[in-house]
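Working notes, beginning with the structure itself.
Read the figures in this text as sums done on the coordinates, not as results from a lab. Values in this document were obtained by computation on a predicted structure and should not be read as measured data. Every residue, glycine among them, receives a Cβ derived from its backbone with ideal geometry; neighbour counts consider all protein chains shown.
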Amino acid sequence: MKDRQEADKAGEEGCCHRTKERTEAEYRSLVNRLSRIEGQVRGIRKMVERDAYCPDILIQVAAVNAALNSFNKELLGNHIRTCVARDIREGKEETIDELVATLQKLMK
């Protein structure tokens, strides 16, 4: 919680980027997913350092890719349900263009 408060405070000190307030549950879910992914990547590094068999490493990399895709789906879904829906209700049509551009980048 302290890290989040520090990050919030840093964001209040003149950051030029947009921010999003997340519920505590949303924040925890995203951070927990990222922590698991971080652990998986560290595990892959150890496999490389220990000269693990290539297919075994590739399977773990595929697992990390799947975990990142799941993270993206969760974050995107939350973004559409909150930010995008709010902006459309407020008549901010440019949000649709931003969403389309984001989806195009995700689908490369």
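Determine the relative contact order of segment 22-106: mean sequence separation of Cα pairs under 8 Å and six or more apart, normalised by residue count, in whole percent. Working shown, then result.
Details: 24 pairs, mean separation 20.9, N = 85.
Reported relative contact order: 25 percent.
FRET efficiency for the pair residue 46 and residue 105, taken as 1/(1 + (r/R0)^6) with r the Cβ-Cβ distance and R0 = 30 Å, rounds to 0.45.
Which GluC sites (Glu not before Pro) in segment 62-108 sit in a loop by DSSP (not H, G, I, E or B) and have at most 11 other Cβ atoms within 10 Å of their own Cβ? It would help to have the intermediate numbers written out before the result.
On the way: sites: 74, 90, 93, 94, 98; in loops: 90, 93.
Passing both the DSSP loop test and the Cβ count: 90, 93.
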